1. Those residues that are in a helix (DSSP H, G or I) and either closer than 18 Å to Val198 by Cα or more than 10 Å from the chain's Cα centre (by Cα) (or both), I need them from segment 29-47; list them, please.
2. Consider Ser268 carefully, then state whether it is among the small types (Gly, Ala, Ser), within 19 Å of the chain's Cα centre (by Cα) and either buried (at least 17 other Cβ atoms within 10 Å of the Cβ) or modelled with pLDDT under 95 (or both).
3. Looking at Ile149, Ile162 in this structure, which one is surrounded by 14 or more Cβ atoms within 10 Å (Cβ to Cβ) and modelled with pLDDT under 95?
4. Hey, which of the helices (runs of 4 or more DSSP H) in segment 169-282, taking only ones fully inside, have at least 2 residues that are of a type in the set (D, E, K, R)?
5. Please identify the pairs in which a residue from segment 121-140 that is closer than 23 Å to Ala110 by Cβ has its Cβ atom under 8 Å from the Cβ atom of a residue that is among the polar types (S, T, N, Q) and not in a loop (DSSP other than H, G, I, E, B), counting only partners at least 6 apart or on another chain.
6. Take the conditions among the aliphatic types (A, V, I, L, M), surrounded by 13 or more Cβ atoms within 10 Å (Cβ to Cβ), out of contact with any Pro (no Cβ under 7 Å at 6 or more places or on another chain) and not in a helix (DSSP H, G or I) and apply them to Ala95. Does it pass?
7. Given the criteria closer than 17 Å to Gly235 by Cα, hydroxyl-bearing (Ser, Thr, Tyr) and within 18 Å of the chain's Cα centre (by Cα), does Thr102 qualify?
Amino acid sequence: MNWVSMLALIVSATLVYSTPLIFTALGGTFSERGGIVNVGLEGIMVMGAFSSVIFNLTFADTFGAATPWLAALVAGIVGVVFSCIHAVATINFRADHIISGTVINLLAPALSVFLVKAIYAKGQTDNIAQNFGYFTFPGLAKIPVLGPIFFKDTSLMAYIAIVVAFIAYWVMFKTKFGLRLRSVGENPQAADTLGINVYRYRYAGVLLSGFLGGIGGAIFAQSIAGNFSVGTIVGQGYISMAAMIFGKWNPIGAMGAALFFGFAQSLSIIGAQLPGISSIPSVYLQIAPYILTIVVLVLFLGKAVAPKADGTNYIKSK
């Protein structure tokens, strides 16, 4: 394997494994910029993965190659519906954000596995026939050196995720909506005084996190797992939260951190093909992303400054 082929393998695998993390980390960024801590990203990803696979298996013959894309949209909608639980609990009933998110993370796997057993009479679904697969960019793939590395047999969804990250940055820091969302996450009392509906913008942040988190789960299920079971989403939501924190609640920073964690995850798959890494036992490569997540949280959690009102319930009368 020459160095171009090796780099192409690393970049392609990194992009595939980073994409679900990018979408979910962006969702968490919107939620926490509005002042709502969304620990339930893991559960939202589970429901997104579940709903996308069920849709894919049901409608693959009807929609053909468009099925995974439509399934991702359905997963986003399911994520929105599921995130409403967290929004109502934290915004309307002023529940503790961590406890509410934890309940979602406990509820989602149990509910999805129950439904899988009810539908398929077994613990996991069949393998999907339609998936995102790999994409080659016409013209760009023929560019010397860079073409084979970045644009041949790669993940189209990864490039869409990168574009979405830049759009999210623009929305958050260059639009009236983003300014108001950030204001309710920093000082909701002051925002309310200026006539901003704090509850409405906090709902918007949580629902956006549900939509993007659901899409993240769908992408993981339809580009990596290929089916759904209780072990399909195992920690990706928490890794996405770590990427959000590592990225300092900035969409571009969260994207960069997600790419880093995606690279760590991909090593367990491509490590055997890489010189120097192939000698490392696979079990160490499999646990590497989770160890890195813990290390990042320990090293950077104290240094990263969250929005001032993040995790604080707002009572309008006060």
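The values are calculated or read from the model by the stated rules, or taken from the named source; none is laboratory data. The structure presented is a predicted model; accordingly, all values stated were derived computationally and were not measured. Don't worry about glycine lacking a Cβ; one is built from the backbone with ideal geometry, like all the others, and counts go over all protein chains shown.
1. Going residue by residue through segment 29-47, those that are in a helix (DSSP H, G or I) are 29-33, 41-47.
Within segment 29-47, Thr29, Phe30, Ser31, Glu32, Arg33, Gly43, Val46, Met47 meet the criteria.
2. Details: among the small types (Gly, Ala, Ser): yes; within 19 Å of the chain's Cα centre (by Cα): no; either buried (at least 17 other Cβ atoms within 10 Å of the Cβ) or modelled with pLDDT under 95 (or both): yes.
No; evaluated as a whole, the condition is false for this residue.
3. Working: Ile162 fails: modelled with pLDDT under 95.
Testing whether each residue is surrounded by 14 or more Cβ atoms within 10 Å (Cβ to Cβ) and modelled with pLDDT under 95 leaves just Ile149.
4. Working: elements: 176-186, 188-193, 198-220, 236-246, 251-270.
Filter on segment 169-282 gives 176-186, 198-220.
5. Ile128/Asn56; Ile128/Gln222
6. Values: among the aliphatic types (A, V, I, L, M): yes; surrounded by 13 or more Cβ atoms within 10 Å (Cβ to Cβ): yes; out of contact with any Pro (no Cβ under 7 Å at 6 or more places or on another chain): yes; not in a helix (DSSP H, G or I): yes.
Answer is yes for this residue.
7. Numbers: closer than 17 Å to Gly235 by Cα: yes; hydroxyl-bearing (Ser, Thr, Tyr): yes; within 18 Å of the chain's Cα centre (by Cα): yes.
Spelling it out, Thr102 is indeed closer than 17 Å to Gly235 by Cα, hydroxyl-bearing (Ser, Thr, Tyr) and within 18 Å of the chain's Cα centre (by Cα).
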